[in-house]
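The values are calculated or read from the model by the stated rules, or taken from the named source; none is laboratory data. In this text the structure is predicted, and so the values were computed from the model without any measurement. We place every Cβ from the backbone using ideal geometry, glycine too, and count neighbours over all the protein chains shown.
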Amino acid sequence: MLRKRVSVLSLQKLKDIDLKELWIDVKEAIGGTERDFTKSSLGKAIFILAVPMVLEMIMESVFAVVDIFFVSKLGADAVATVGLTESVMTIVYAVGMGLSVATTALVSRRIGEKNNKQAGVVAFQAMMVGLIFSVCIAIPGVLFAGEFLKLMGATDSMAAEGYLFPAIMFGGNVVIMLLFIINAVFRSSGDAAISMRVMWLANIINIILDPLLIFGIGPFPELGLAGAAIATTTGRGLAVLYQFYLLFGGRHRIRLYWHSLKIQFNVMLKLVKISGGGILQNLIATSSWILLVRIIAVSGPEALAGYTIAIRIIIFALLPAWGLSNAASTLVGQNLGANQPERAERSVWITGYVNMIFMGVMGIILAVFPEFWIKLFIGEVAVVDNGTLALRVISFGFLFYALGMVLMQGFNGSGDTITPSKINFMSFWLFEIPLAYFLAIVLNMGLFGASLSIVIAESFLAITALYLFRKGKWKQRKV
């Protein structure tokens, strides 16, 4: 009896210690840390990096859902306009994410080498490259906003009423570009908590402004769909100003000095070279999405609106998983910089297992109760039916999505952006789009066929990435 009491007391004490240590780790993760991630235990390093990254992406996913929630009150045409715009705005995201990949690879290497000053130099060059790209996108995006909507399958009335939404989004793409790049700087240096706070600021401002500007609440004008674009751009713009304040504050791992703000073409060329693969892999993926949306648009605005809402809900589940995979990218870069390739590989496997558990649970929830989630946004029967169908089918592939995204980020963190580009090209252009066209249009399976092609293509991607990652050539990558 005494032995049993001692065992119970010991177990309770152990639980208290575990909870206390967990709380300490959570506070460190959210509050910021000076921990050296090339020496700390991998489990703790992944946890401390992943917590703020996941919270950052949760807020981004909340933004995606809240945004479409308010826009859906304007009707199916408004939702479809957002869907068409977002399908092409993914080009901006592709460029921003590609530059972020290159920034992560170079900054994390310099941090792993304990060369923080050079990491700051890389950060400034990355911002300059992003600025150049954003100007090239903004000019045609503003001038041809209405024409692009028609090209993507919008009706004349949709283009006439909704052209301001893409015009504002494309015109203000510089804030998206800088937000992506500078947050990548903070994350790859190990200051993931800062990226989290920045993203929360951007999205909270957007969530507040969205209903005010869309519906004209109080003294605010009723701007409809244009109000949604202004709210998003304003929130992100203020967040970028906050990022600059932090970069020049000098209290973090990465700092910008006024005297060092000079163009260094050798560093810019290296960034462009690495980001070329990163941009290419994202452009391949996002351009395939544009074609996929075009294929779905043939089935009518209700199918397109249902698919758009379903994708926003899926993004809500996927973005936290992306946050977790970003931790693998940072750890790969820093540990390769510290000449610890085996530790870099272990970080990917551990992160992959955790991600598959998380995404597996999310996939079950969305596949079992898809109609419930769609009805939170819209009540039109045809849109609900289409959204339910797309959400249920696409959710069946979540385990493959989880593994694939971590492996791809593992390649990117090493600076090998070409391998993911090749995998994306095979998976999306040679596989997904032809399959979607065949199933949706040739076999007349519509939205079901297009959704099924997504699951099959993403599964193929994960299996291919797994095979190539295990070969280990990425460990020899020099950047």
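Taking region 241-299, which residues are buried (at least 17 other Cβ atoms within 10 Å of the Cβ), closer than 16 Å to Val122 by Cβ and either of a type outside the set (A, V, I, L, M, F, W, C) or in contact with a strand residue (DSSP E or B) (Cβ under 6 Å, 6 or more places away or on another chain) (or both)?
Result: Gln243, His252, Arg253, Arg255, Lys270, Ser275, Gly278.
Considering only region 374-390, state which residues are part of a helix (DSSP H, G or I), surrounded by fewer than 22 Cβ atoms within 10 Å (Cβ to Cβ), in contact (Cβ under 8 Å) with a residue 40 or more places away in the chain and not charged (D, E, K, R).
Scanning region 374-390 gives Ala382, Val384, Thr388, Leu389.
When you check Met53 against the structure, is it part of a helix (DSSP H, G or I) and under 25 Å from Gly190 (Cα atoms), yes or no?
yes
Give me the helices (runs of 4 or more DSSP H) completely within region 117-178, filtered to those with at least 3 residues that are surrounded by fewer than 19 Cβ atoms within 10 Å (Cβ to Cβ), ordered by residue number.
It comes to 145-151, 156-162.
Which condition from (1) modelled with pLDDT of 90 or more; (2) not in a helix (DSSP H, G or I) is the one that Val332 breaks?
Exception for Val332: condition (2).
Within region 179-218, take every residue that is hydroxyl-bearing (Ser, Thr, Tyr) and out of contact with any Phe, Trp or Tyr (no Cβ under 9 Å at 6 or more places or on another chain) and give me the one that is surrounded by the fewest Cβ atoms within 10 Å (Cβ to Cβ).
Ser189
Considering only residues that are surrounded by 17 or more Cβ atoms within 10 Å (Cβ to Cβ) and either in a loop (DSSP other than H, G, I, E, B) or not hydroxyl-bearing (Ser, Thr, Tyr) (or both), which ones fall in region 342-357?
If the condition is that a residue be surrounded by 17 or more Cβ atoms within 10 Å (Cβ to Cβ) and either in a loop (DSSP other than H, G, I, E, B) or not hydroxyl-bearing (Ser, Thr, Tyr) (or both), then Arg343, Ala344, Glu345, Val348, Ile350, Gly352, Val354, Asn355, Met356 are the ones that fit.
Hey, among the residues in region 55-82 that are small (Gly, Ala, Ser) and modelled with pLDDT of 80 or more, which one's surrounded by the most Cβ atoms within 10 Å (Cβ to Cβ)?
Among them, the one singled out is Ala80.
Please name all residue pairs, on different chains or six or more residues apart, with Cβ atoms under 7 Å, provided the first residue is in region 237-265 and is of a type in the set (D, E, K, R) and the second residue is at pLDDT 80 or above and assigned to a loop (DSSP other than H, G, I, E, B).
Arg253/Gly190; Arg253/Asp191
Taking the conditions exactly as written (in contact with a Lys or Arg (Cβ under 7 Å, 6 or more places away or on another chain), of a type outside the set (Phe, Trp, Tyr) and touching a residue at least 12 places away in the same chain (Cβ under 8 Å)), does Ser414 satisfy them or not?
Here the answer is yes, as Ser414 does meet what is asked.
Which one is nearest to the chain's Cα centre (by Cα), of the residues in region 31-50 that are surrounded by fewer than 21 Cβ atoms within 10 Å (Cβ to Cβ) and assigned to a helix (DSSP H, G or I)?
Top of the filtered list is Phe47.
Please work out which residue is nearest to Leu292 (Cα to Cα), limiting yourself to region 438-479 and to residues that are in a helix (DSSP H, G or I) and of a type in the set (Val, Ile, Thr).
Selected residue: Ile454.
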